[in-house]
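For reference, the structure is listed below as structure tokens.
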Amino acid sequence: MTSATPTSSTPATAALSFSQLPLSPAMLANLQQLGYLSMTAIQAASLPAALLGKDIIAQAKTGSGKTAAFALTLLANLNPRRFAVQTLVLCPTRELADQVTTEIRRLARAEDNIKVVTLCGGVPLRGQLATLEHGAHIVVGTPGRLMDHLERGSLQLDALNTLVLDEADRMLDMGFFDDIVKVARQCPKTRQTLLFSATYPEGIAKLSAQFMRDPVTVTVEAQHAGGQIEQRWYQVSENERLDAVSRLLLHFRPASTLAFCNTKAQCRDLVAVLQAQGFSALALFGELEQRERDQVLVRFANKSCSVLVATDVAARGLDIASLAAVINVDVTPDAEVHIHRIGRTGRAGESGLALNLASMNEMGSVGKIEQLQGRESAWHKLDELTPTGKGPLVPPMATLHIQGGRKEKIRPGDVLGALTADLGYTREQVGKINVNEWSTYVAVDRALAQQMASRLNAGRIKGKSVKVRVLED
Ligand code: ADP
Ligand code: MG
């Protein structure tokens with residue numbers, strides 16, 4: 001077993017340089033352009049063997065760069081001139097499949113015309129069938145929907161050379177064991193299989209025993225590099241807990257916070273409390289409709305929502321850029337999960353803040369966390385928390401929803417043009433623009449949101465009139 005310990009302070013030594021891998025000059029230039037100046041620990045540990053064609057089981061925490069590790073491998077195996085599906089990537093959810101597709105496309109820019117298709121549930125089959133008829137090199141999808149296509153014969157795998165299981169632990173949690181095995185059985189025997197996971201539950205060994213060949217296992221320790229995340233602990237009674245969250249928010253005033261709860265019920269309760277107190281807070285948990293989930297994530301990522309409240313399962317794997325703070329509303333009984341949670345803040349050398357609420361009943365779990373981290377908890381008093389007198393915590397942006405997206409051939413530039421060139425707003429008053437298949441989301445200066453929505457409604461985008469509204473909290 002190869003083992004490497006990530007330290008974000010690791011200098012870009014020759015040992016971590018992409019240039020010593022057998023990658024094309026065009027790919028190396030593209031990595032440089034993307035700002036991938038050196039390999040992450042899991043990339044350094046897995047890519048040499050993966051590029052030799054070995055089966056790999058790779059385990060590393062969320063945010064460690066696992067996607068590029070398998071994407072570079074599958075692209076190295078790909079023949080762009082052969083117009084057939086050569087790679088299949090299995091992901092647990094549509095969001096993760098979308099993220100993986102985006103990352104593969106970015107990395108595939110070095111080559112012309114590599115076609116990547118996403119196939120997930122919750123989307124009409126008809127469109128997917130049409131897309132598949134046009135052909136694809138790489139298919140990314142969820143196990144259930146991929147099984148549908150295989151059973152219908154709309155997806156052929158005879159040219160496949162690489163099978164990837166991303167977030168394998170999460171797929172097992174979701175009950176996909178049998179579907180994964182079925183899909184793997186339909187792949188040609190001579191192929192490379194890459195399995196990526198944040199944790200290593202028992203099921204992974206069982207899964208790999210079914211269809212992987214002599215896999216190389218690489219692990220990067222879950223422990224966070226340490227110093228740059230400040231952790232503070234507060235003892236609370238059960239009836240103080242939810243209110244303590246708003247006190248933390250008003251005291252520290254983080255620009256964006258991910259608040260973890262152990263149950264969906266707790267998520268719902270906390271969001272209700274926060275919204276009632278005027279916070280812009282949204283919840284992410286299992287049973288939201290896909291469209292609602294998309295909206296929640298877009299609004300959090302584009303700074304028009306300050307607090308995202310989530311369960312571990314819902315938040316796992318999501319690539320949300322570094323957060324100002326993580327609040328552990330409940331202590332997790334699994335110390336490894338605690339490390340994953342707080343690793344969402346203080347990414348990429350920035351300083352992070354992890355605030356933890358613990359009741360007397362949770363002290364056993366706190367002890368396990370101390371043991372795993374090898375340090376004692378720093379306890380603070382709730383009384384120390386004083387609202388800074390700056391009024392409610394208001395996110396800088398609000399989100400406009402435009403009916404119409406890629407299907408209507410709307411591009412981010414069209415929206416930006418309508419707002420700046422046509423309506424005279426400044427570039428600074430417009431934030432992130434996300435164009436989805438059927439809708440477009442635009443982050444705009446919160447104070448101007450209503451006005452912008454009415455003016456867009458009265459005007460045109462790309463010569464067409466559009467329906468626009470402000471998404472309310
Ligand atoms: P994981 O799948 O392990 O959770 P991701 O693949 O989503 O992690 O990567 C997390 C972030 O790190 C992404 O935004 C990705 O673009 C970035 N990233 C990946 N590899 C590198 C690298 N070598 N250098 C800089 N950034 C990287
Ligand atoms: Mg990932």
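The values are calculated or read from the model by the stated rules, or taken from the named source; none is laboratory data. Here the structure is a predicted model, which is why all the values come from computation and not from measurement. Quick reminder, even Gly has a Cβ in these numbers, built from the backbone with ideal geometry, and neighbours come from all protein chains shown. SASA here: full protein model, heavy atoms, side chains in, ligands and nucleic acids out. Shrake-Rupley method; radii C 1.70, N 1.55, O 1.52, S 1.80 Å.
Based on protein heavy atoms only, the range 226-384 ends up with 40 Å² per residue of surface accessible to a 1.4 Å probe. Note on the chain: antiparallel DSSP beta bridges, both residues inside, total approximately 25 percent of the bridges counted. For the range 397-470, the solvent-accessible area of protein heavy atoms averages 53 Å² per residue (probe radius 1.4 Å; ligands and nucleic acids excluded). Coordinate range of the alpha-carbon atoms in the range 74-162 per principal axis, descending: 32, 26, 20 Å.
Taking a straight Cα-Cα cut-off under 14 Å and skipping sequence neighbours fewer than 8 places away in the same chain, the aspartates and glutamates within cross-link reach of Lys303 are Glu428, Asp445, Glu472, Asp473.
Rg(Cα) of the range 397-470 divided by 2.2 N^0.38 Å?
Scaled against compact globular proteins, the figure is 0.94.
When you work out D = kT/(6 pi eta Rh) for the range 117-178 at 37 °C and 0.692 mPa s, using the Kirkwood radius from C-alpha pairs as Rh and the Stokes-Einstein form, the result is 263 µm²/s. Solvent-accessible surface (1.4 Å probe) assigned to Ser17 amounts to roughly 30 Å².
Computed over every Cα-Cα pair of the range 326-473 and binned at 10 Å starting from 0, the pair-distance distribution P(r) comes out as 9, 28, 18, 19, 18, 8, 0 percent.
Pop out the Kirkwood hydrodynamic radius of the chain from its pairwise C-alpha distances, inverse of mean 1/r, in Å to one decimal.
After inverting the mean inverse Cα-Cα distance, the result is 23.8 Å.
In this structure the amide hydrogen of Leu165, modeled in the peptide plane, comes within under 5 Å of the amide hydrogens of Leu90, Leu194, Leu195, Phe196, none closer than 5 places in sequence on its chain. Accessible surface calculations at 1.4 Å, restricted to protein heavy atoms, place the range 7-219 at 43 Å² per residue. Ordering Ile433, Leu400, Val466 by the projection of their Cα atoms onto the charge dipole of the range 399-473, which places +1 on the Cβ of Lys and Arg and -1 on the Cβ of Asp and Glu, puts Val466 at the extreme positive end.
What translational diffusion coefficient, to the nearest whole µm²/s, does the range 226-384 have by Stokes-Einstein, given a Kirkwood radius computed over alpha-carbon pairs, a temperature of 4 °C and 1.567 mPa s viscosity?
Estimated diffusion coefficient is 83 µm²/s.
Over 26 Å apart at the Cα level, from the set Lys61/Lys189; Lys390/Lys467; Lys368/Lys390; Lys66/Lys206, are Lys61/Lys189; Lys390/Lys467; Lys368/Lys390.
The fraction of accessible area contributed by carbon and sulfur in the chain is 50 percent, rounded to a whole number (1.4 Å probe; ligands and nucleic acids excluded).
If you split all Cα-Cα distances of the range 7-219 into 10 Å bins from zero, what percentages do you get per bin, shortest first? P(r) over the range 7-219, rounded to whole percents: 8, 37, 38, 16, 2, 0. Restricting the trypsin sites (Lys or Arg not before Pro) of the range 128-175 to loop positions (DSSP other than H, G, I, E, B) with no more than 16 neighbouring Cβ atoms within 10 Å leaves nothing. For the range 152-311, the spread of Cα coordinates along the three principal axes comes to 58, 39, 28 Å, biggest extent given first. The label-point distance for Val123 and Thr388, in a model that sets each label 7 Å from Cα toward Cβ, rounds to 4.1 nm. Ordered from highest to lowest accessible area with the whole protein assembly present and a 1.4 Å probe, Thr426, Thr87 read as Thr426, Thr87.
Here the sum of -39500 (n - 2.57) over DSSP H runs of 4 or more residues, divided by the residues of the chain, equals -10000 deg cm²/dmol at 222 nm, to the nearest 500. Here Lys409 is the anchor, and the aspartates and glutamates within straight C-alpha reach of less than 17 Å, apart from those fewer than 8 places off in the same chain, are Glu437. Note on the range 415-454: the alpha carbon radius of gyration divided by the globular reference 2.2 N^0.38 Å gives 1.11.
With the simple model of a label 7 Å out from the Cα in the direction of the Cβ, Asp422 to Lys182 spans 4.7 nm.
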